[in-house]
Amino acid sequence: MQQSLEFDSELIRRYDTSGPRYTSYPTAVQFTEAFGEAEYRERARRSNETDTPAPLSLYFHIPFCNTVCFYCACNKVITANRKRAQPYLDHLFREIRMQGELYDRDRPVEQLHWGGGTPTFISDEQMRALMDETRRHFALRDDDSGEYSIEIDPREADAGTMALLRELGFNRISLGVQDFDPRVQQAVNRIQSEEETAAVLEAARAEGFKSTSIDLIYGLPHQSVDSFAATLDKVIAMGPDRLSVFNYAHLPQMFKTQRQIRAEALPSADEKLAILDYTIGRLTEAGYVYIGMDHFARPDDELAVAQREGTLYRNFQGYSTHADCDLVAMGATSISKVGDSYSQNLKGLEDYYAALEAGRLPVFRGVVLTADDRLRREVITRLICNFELDFADIEAAYGIDFADYFADALERLQPMQADGLLVVNADGIQVQPRGRLLIRNICMVFDRYLGSDSPQRFSKVI
């Protein structure tokens, strides 16, 4: 497929709305407390009994951060007290043991991810203990063939940390940067030098990490095209394999820490679009290809290759090359995908601890997908990952007539086709270069849960 992108500011303004990011379908808005521990255990049991049980993907949530970044909307615990980590890990180990009992040991762990918070908040000894406990209860790969990744705050890591993580089996890293401009960093309370970031990246390369990624955010206070251009130049010089360039969603009514950011310091909507336009051009010029949503990668990166081959997938950690895994997520607030279900753990630490101390898995809500959900998830996933959809493939897999089943959706796509976002013909849908930034809008047409009040629950699509 052609991995090109066209920026059209007029179209973006016209389609400027809010919508899901589709890391799942149905989205977490549809999760209910009618789905609990018993339902989760049943889905885990069924997943073992299929003809060919899927490999596993494991996610571990480490919620602690030493300092607060004002823009952050993640589930986190801000503390300088490192002693708070051990009680959390003690409970996480209980969950690992309980979860491990549910899955056959011959199901290999193809994918593993530590997220947060700041996973490197915990000590070297604690990181070793967490990986050892995981290995006792799950079949981790020992040949470096799995996709084992970790989110890193360069302020919480050094060359020794990178050596340890590589020894533990990690082979991919994602570094949080956001912006190198000192004024922006001061405004969002994240002071981080270019030098310490580059040092961690170089240490990762020296240790043989297979993939490196850097996260940036546009739309932060005091940013401009010129200031963000300087950050981009510095990041491009570091040469990461991937880049994520996220749109800052200012929602102080939902996230208290964002109230520390002065709204009048934020760039205007026009300036944000100009920053995005420049970013796309600069990264393209530097040789990166647009994967989708916020993600860019080198043409030889496995994400770019998977997209060209039509095998890219999307889950709660973003884009992935492992479409066939059951995702078992552990830690407070984490979300699993097992069989035809999604489920989420309790969010508060005390509630999470209490459930485990009572011998219960801390699942508090979820959803079992209907046949219609599974069909729509497949359609949305193919569009958001590969920018194209073959009607015959869907019809063969789900026993439907696409034009009949999705008659309303196809009609709603007509204005988008008139605007050049996509092409619909008898064979399928092809998203055009000018429609790729608006892929969430296109996917929303196939989302049967979206109502008139739904956009209030989601971030802006651009």
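With the convex hull built on the Cα atoms of the range 22-117, state its orientation-averaged projected area in nm².
Values: hull surface 33.1 nm².
Averaged projected area of the range 22-117's Cα convex hull equals 8.3 nm².
Would you kindly state how much longer the chain becomes between Arg205 and Arg135 on full extension, computed as 0.36 nm times their sequence separation minus their alpha carbon distance, in nm to one decimal?
Values: separation 70, 0.36 × 70 = 25.20 nm, distance 2.51 nm.
So the chain would gain 22.7 nm between Arg205 and Arg135.
How compact and how long is the range 1-46, expressed as Rg and Dmax of its alpha-carbon atoms in Å?
For the range 1-46, the Cα radius of gyration and maximum Cα-Cα distance read 18.9, 51 Å.
Give, in nm to one decimal, the length gained when the segment between Gln430 and Ala230 is fully stretched (0.36 nm per residue of separation minus the Cα-Cα distance).
Numbers: separation 200, 0.36 × 200 = 72.00 nm, distance 3.52 nm.
Gain on stretching Gln430 to Ala230: 68.5 nm.
Quick one: divide the alpha-carbon radius of gyration of the range 382-426 by 2.2 N^0.38 Å and tell me what you get. Could you put the intermediate results ahead of the total?
Working: Rg = 11.0 Å, N = 45, 2.2 N^0.38 = 9.3 Å.
Against the compact-globule rule of thumb, the ratio is 1.18.
Quick one: if you stick a label point 7 Å off each Cα along the C-beta vector at Ala80 and Thr17, how many nm between them?
Each label point is offset 7 Å from its Cα along the Cβ direction, giving 4.7 nm.
Which residues in the range 284-308 have a backbone N closer than 17 Å to a point placed 7 Å from the Cα of Ser4 along the Cα-to-Cβ line?
Of the residues in the range 284-308, 284-292, 299, 308 have backbone N under 17 Å from the label point off Ser4.
List the extent of the Cα atoms of the range 331-438 along each of their three principal axes, largest first, rounded to whole Å.
57, 31, 21
Mind giving me the FRET efficiency for Asp404 and Leu251? R0 is 41 Å, r the Cβ-Cβ distance, nearest 0.05 is fine. Could the numbers behind the result be given before it?
On the way: r = 40 Å, r/R0 = 0.96.
E between Asp404 and Leu251, to the nearest 0.05, is 0.55.
Under 25 Å Cα-Cα from Lys210, which lysines qualify once same-chain neighbours fewer than 8 residues away are excluded?
Within reach: Lys234.
How big is the Kirkwood radius of the chain, worked out from every pair of different alpha carbons and given in Å to one decimal?
Working: mean 1/r = 0.0435 Å⁻¹.
Evaluated over the chain, this radius sits at 23.0 Å.
Once the Cβ-Cβ distance between Ala263 and Ile191 is put in as r, and R0 is 22 Å, what FRET efficiency do you end up with, to the nearest 0.05? Write out the running numbers ahead of the final one.
On the way: r = 22 Å, r/R0 = 1.00.
Plugging the Cβ-Cβ distance into 1/(1 + (r/R0)^6) gives 0.50.
Here are some pairs, Lys83/Lys256; Lys76/Lys256; Lys76/Lys337; which of them have Cα atoms lying more than 19 Å apart in this structure?
Working: Lys83/Lys256 25 Å; Lys76/Lys256 12 Å; Lys76/Lys337 22 Å.
In this structure, Lys83/Lys256; Lys76/Lys337 lie more than 19 Å apart at Cα.
Got a sec? Charge dipole of the chain, +1 on Cβ for Lys and Arg, -1 for Asp and Glu; which of Gln111, Leu349, Val200 is way out at the positive end?
After comparing all options, I get Leu349.
Under the Karplus relation 6.51 cos²θ - 1.76 cosθ + 1.60, θ = phi - 60°, what is the ordered set of whole-Hz ³J(HN,Hα) values for the range 272-285, x standing for Gly and Pro?
Values, residue by residue: 4, 4, 5, 5, 4, 4, 4, 4, 4, x, 5, 5, 5, 4 Hz.
Could you pull out every residue, at least 5 positions away or on a different chain, whose amide H is within less than 5 Å of the one on Gly116? Hs are placed 1.01 Å off N in the peptide plane, and Pro or chain starts have none.
It is Ile62, by chain and number.
Which ³J(HN,Hα) values in Hz, rounded to whole numbers, follow from the phi angles of the range 305-316 under the Karplus curve 6.51 cos²θ - 1.76 cosθ + 1.60, where θ = phi - 60° and Gly and Pro get x?
3J(HN,Hα) across the range 305-316, in whole Hz: 5, 4, 5, 5, 8, x, 10, 5, 9, 9, 9, 5.
Using the Karplus curve 6.51 cos²θ - 1.76 cosθ + 1.60 with θ = phi - 60°, work out ³J(HN,Hα) for each residue of the range 36-52 in order, rounded to whole Hz, and write x for Gly and Pro.
x, 4, 4, 5, 5, 4, 5, 5, 5, 4, 4, 5, 6, 9, 5, 4, 10
What FRET efficiency comes out for Arg308 versus Asp144 if R0 is 35 angstrom and r is the Cβ-Cβ distance? Round to the nearest 0.05.
Between Arg308 and Asp144 the formula returns 0.90.
For the pair Thr67/Arg128, report the inter-label distance in nm, with labels modelled 7 Å from Cα in the Cβ direction.
Result for the modelled spin labels: 3.0 nm.
Ala329's amide H: which non-local residues (gap 5+, or another chain) put their own amide H closer than 5 Å, with H modeled 1.01 Å from N in plane and none for Pro or chain starts?
HN-HN under 5 Å from Ala329: Tyr59, Ser336, Lys337.
For the chain, what does the helix formula give at 222 nm: sum of -39500 (n - 2.57) over DSSP H segments with n ≥ 4, over the residue count, nearest 500 deg cm²/dmol? Don't skip to the answer; put the middle values down first.
Working: 17 runs with 171 residues, N = 462.
Using -39500 (n - 2.57) per qualifying helix, the result is -11000 deg cm²/dmol.
From the alpha carbon gyration tensor of the range 160-317, can you work out the equivalent ellipsoid semi-axes (sqrt of 5 times each eigenvalue) and give them in Å, largest to smallest? Write down the numbers at each step before the final one.
Working: eigenvalues 143, 76, 49 Å².
Value: 27, 20, 16 Å, ordered largest first.
With each pseudo-label sitting 7 Å past Cα toward Cβ, what's the Ala323-Asp51 distance in nm, one decimal?
With each label point 7 Å from Cα toward Cβ, the separation is 1.8 nm.
If Ser244, Ser9 are ordered by their accessible area, calculated over protein heavy atoms with a 1.4 Å probe, which sequence runs from highest to lowest? Write out the running numbers ahead of the final one.
Numbers: Ser244 5, Ser9 45 Å².
In descending accessible area the options line up as Ser9, Ser244.
The values are calculated or read from the model by the stated rules, or taken from the named source; none is laboratory data. None of the values given here were measured: they were computed from a predicted structure. Positions of Cβ are generated from backbone atoms using ideal geometry, with glycine treated the same way; all protein chains shown enter the neighbour counts. The accessibility values were calculated without ligands, DNA or RNA, using every heavy atom of the protein model including side chains. Shrake-Rupley method; radii C 1.70, N 1.55, O 1.52, S 1.80 Å.
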